[in-house]
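Here the structure comes first, spelled out in structure tokens, and everything after it is commentary.
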Amino acid sequence: MKQYVLIGCLGFLLAGCGMTVNQAALDSSVSQVVTRNYQSRSFDTTDKLEVMNNIVATMQDLGFVIEKADKDIGTISGFSFTTQTNMTVSVRPKGNSILVRANASKGTRAITDPQAYQNFFNALSQSLFLTANEVL
Amino acid sequence: MKKLLGLVGLCVWMSACASYTNLYVPDANYLERRNIETRIFDTQNTKELLVASAQLLQDMGYTITESDADIGVITATKMREAGSTVGKVALEILAILDKHNTQDPVYEDKQKFFVTVVNSKTKDRKVRTRVTFARITYDNLGAVMKIEKLKDTKLYAEFFDKLSQSVFLTANNI
């Protein structure tokens, strides 16, 4: 009996992970607004290049190798050799500030923990402060 | 059987709940590492330094996979042999001699290097160059063995010596 219960639980767990191709392709189970909210932070500056330079520096601090960078579109992508994650960071001006948005994944899984993004934005914020004050 | 199933169930459950709370927190000595990975060049010409960096990467046998002059980024990769040939031959011979052995010997065989060079202007009109190296090692069966960022201080010091040289050579069209 116990065996059946265990198999049942395992089946339930596995079924929970199952997704259709469309769901997997579009990640449609997640709200776009919620995702954008925790993946974005606004910085009080209008210097897009300065922000992009600091994103690169922060990514280097976190063990990333930069695989793609485009100033015109405002995107930077890389792979971290310390956390083994992929990340794309985009930058766009919004009034008198710059909106930075990051999305990351590890293997087949998207990073959905808002704290991970807060950590990244905190590190970026510190980097912007350091360069603004010419510490580094 | 029960234990095995329980264990499998637990593994599935744990993998589904992997915590990323401490992800992307820089480690304690990241500022020290920034210093090791950075050198300031007394020039105003970012582009010239980028070209010299690209030349140096070619000197070192890298293939450039990404570059953006505005952000000042160049990324390059190369594949090289890992481990000593003598060691590999010895392992193969030992495997042949061992009659009870039914498995192929596994050893570090190849390594792929990744390097990112970033040039940016400082406020006192100089150029700040930062480089980071990383590598992936593969065994002789093609599986990934190790993924790591290279942190040896000497590696970075030697790179910057070579870059200084490359700036001179490139400026003189050599």
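The values are calculated or read from the model by the stated rules, or taken from the named source; none is laboratory data. Just so it is clear, the model here is predicted, and its values are computed rather than measured. No Cβ is skipped: glycine too gets one built from the backbone with ideal geometry, and neighbour counts run over all protein chains shown.
For the stretch B:1-30, filtering for residues that are surrounded by 14 or more Cβ atoms within 10 Å (Cβ to Cβ), modelled with pLDDT of 85 or more and aliphatic (A, V, I, L, M) leaves 2.
Taking the stretch A:1-36 as the range and being modelled with pLDDT of 70 or more and among the aliphatic types (A, V, I, L, M) as the test, the residues that pass are A:Met19, A:Val21, A:Ala24, A:Ala25, A:Leu26, A:Val30, A:Val33, A:Val34.
Being basic (Lys, Arg), surrounded by fewer than 19 Cβ atoms within 10 Å (Cβ to Cβ) and more than 16 Å from B:Arg80 (Cα to Cα) holds for only one residue in B:Lys123, B:Lys146, and it is B:Lys123. When the stretch B:71-115 is filtered for residues that are hydrophobic (A, V, I, L, M, F, W, C), closer than 30 Å to B:Leu155 by Cα and surrounded by 13 or more Cβ atoms within 10 Å (Cβ to Cβ), the ones remaining, listed by number, are B:Ile71, B:Val73, B:Ile74, B:Ala76, B:Met79, B:Ala82, B:Ala90, B:Leu91, B:Val106, B:Phe113, B:Phe114, B:Val115. For the stretch A:26-74, a tally of residues being within 11 Å of chain B (Cβ to nearest Cβ), within 15 Å of A:Ala104 (Cα to Cα) and touching a residue at least 40 places away in the same chain (Cβ under 8 Å) returns 3. Among the conditions (1) in a helix (DSSP H, G or I); (2) without any contact (Cβ under 8 Å) to a residue 40 or more places away in the chain; (3) among the β-branched types (Val, Ile, Thr), B:Val167 misses just one, which is (2). Of all residues in the stretch B:108-142, those being part of a loop (DSSP other than H, G, I, E, B) and in contact (Cβ under 8 Å) with a residue 24 or more places away in the chain number 5.
Filtering the stretch A:77-136 to residues that are in contact with a Phe, Trp or Tyr (Cβ under 8 Å, 6 or more places away or on another chain), more than 11 Å from chain B (Cβ to nearest Cβ) and either in contact (Cβ under 8 Å) with a residue 60 or more places away in the chain or of a type in the set (Gly, Ala, Ser) (or both) leaves A:Ser97, A:Val100, A:Ser125, A:Leu128. Taking the stretch B:59-103 as the region of interest, how many residues are in contact with a strand residue (DSSP E or B) (Cβ under 8 Å, 6 or more places away or on another chain) and either under 26 Å from A:Met52 (Cβ atoms) or in contact (Cβ under 8 Å) with a residue 60 or more places away in the chain (or both)? Matching residues across the stretch B:59-103 total 15.
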